[in-house]
Amino acid sequence: MVAAIGHRAFSLIELVIVVVIIGIIGAIAIPRMSRGAEGATDSALTANLSVLRNAIDLYKTEQGAYPPETGFANHLTTYTNGAGGQSATKDSTHIYGPYLRAIPALPVGAEKGKTDVGSAVAAGTAWVYDSDTGRIFANTGDLMDARGKLYSDY
């Protein structure tokens with residue numbers, strides 16, 4: 001005798017319930033993931049500014065003055081002497097630095113990806129630096145983070 005084989009399948013109601021549950025999970029997860037990306041950008045900017053500010057402070061401690069605006073990158077990425085002279089290699093007179101391997105790229109805004117440092121807010125400049133005060137900030141104009149804080153105020 002041959003037993004009858006029953007056919008089992010999902011009902012339409014079961015399939016609709018599964019699709020609704022997947023939709024709810026997606027509605028919760030997608031906004032959380034996008035906020036995470038924004039937070040990563042904010043963290044990258046904060047980290048880059050911290051690295052730059054620490055290098056500027058160390059330069060001032062060793063040299064007695066903030067790095068000049070002209071040749072800013074060279075002063076922080078090469079060996080220097082007490083008079084601010086630069087050398088690609090360390091020798092008996094160029095004993096300070098380098099303070100950075102490279103100027104970090106700006107992670108946000110219209111100048112994103114650029115590393116240029118200038119003394120004023122201008123197109124093509126990633127970082128704005130004042131050699132009188134040692135202050136450096138991002139050249140992001142009026143661009144704000146998710147909390148409403150200007151990136152240039154970081």
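The values are calculated or read from the model by the stated rules, or taken from the named source; none is laboratory data. Here the structure is a predicted model, which means the values were calculated and not measured. Heads up, the Cβs are rebuilt from the backbone with ideal geometry, glycines too, and the neighbour counts pull from every protein chain shown.
Could you list, in sequence order, the residues of the stretch 86-122 that are more than 16 Å from residue 41 (Cα to Cα), among the aliphatic types (A, V, I, L, M), in contact (Cβ under 8 Å) with a residue 12 or more places away in the chain and in a loop (DSSP other than H, G, I, E, B)?
Selection gives 95, 100, 102, 103, 121, 122.
In the stretch 123-154, which residues are part of a loop (DSSP other than H, G, I, E, B), of a type in the set (Ser, Thr, Tyr) and under 14 Å from the mean Cα position of the chain (by Cα)?
Passing the criteria: 140, 154.
Suppose we filter 152, 131 for residues that are of a type outside the set (Asp, Glu), more than 18 Å from residue 63 (Cβ to Cβ) and either modelled with pLDDT of 90 or more or surrounded by 14 or more Cβ atoms within 10 Å (Cβ to Cβ) (or both); which single one remains? Before the answer, list the steps.
On the way: 131 fails: more than 18 Å from residue 63 (Cβ to Cβ).
Being of a type outside the set (Asp, Glu), more than 18 Å from residue 63 (Cβ to Cβ) and either modelled with pLDDT of 90 or more or surrounded by 14 or more Cβ atoms within 10 Å (Cβ to Cβ) (or both) holds for just one of 152, 131, which is 152.
Which one of 136, 103 is β-branched (Val, Ile, Thr), closer than 30 Å to residue 39 by Cα and in contact with a Lys or Arg (Cβ under 7 Å, 6 or more places away or on another chain)?
Details: 103 fails: in contact with a Lys or Arg (Cβ under 7 Å, 6 or more places away or on another chain).
Selected residue: 136, the only one of 136, 103 that is β-branched (Val, Ile, Thr), closer than 30 Å to residue 39 by Cα and in contact with a Lys or Arg (Cβ under 7 Å, 6 or more places away or on another chain).
Any residue at all in the stretch 54-71 that is surrounded by 18 or more Cβ atoms within 10 Å (Cβ to Cβ) and part of a loop (DSSP other than H, G, I, E, B)?
Yes, some residue in the stretch 54-71 is surrounded by 18 or more Cβ atoms within 10 Å (Cβ to Cβ) and part of a loop (DSSP other than H, G, I, E, B).
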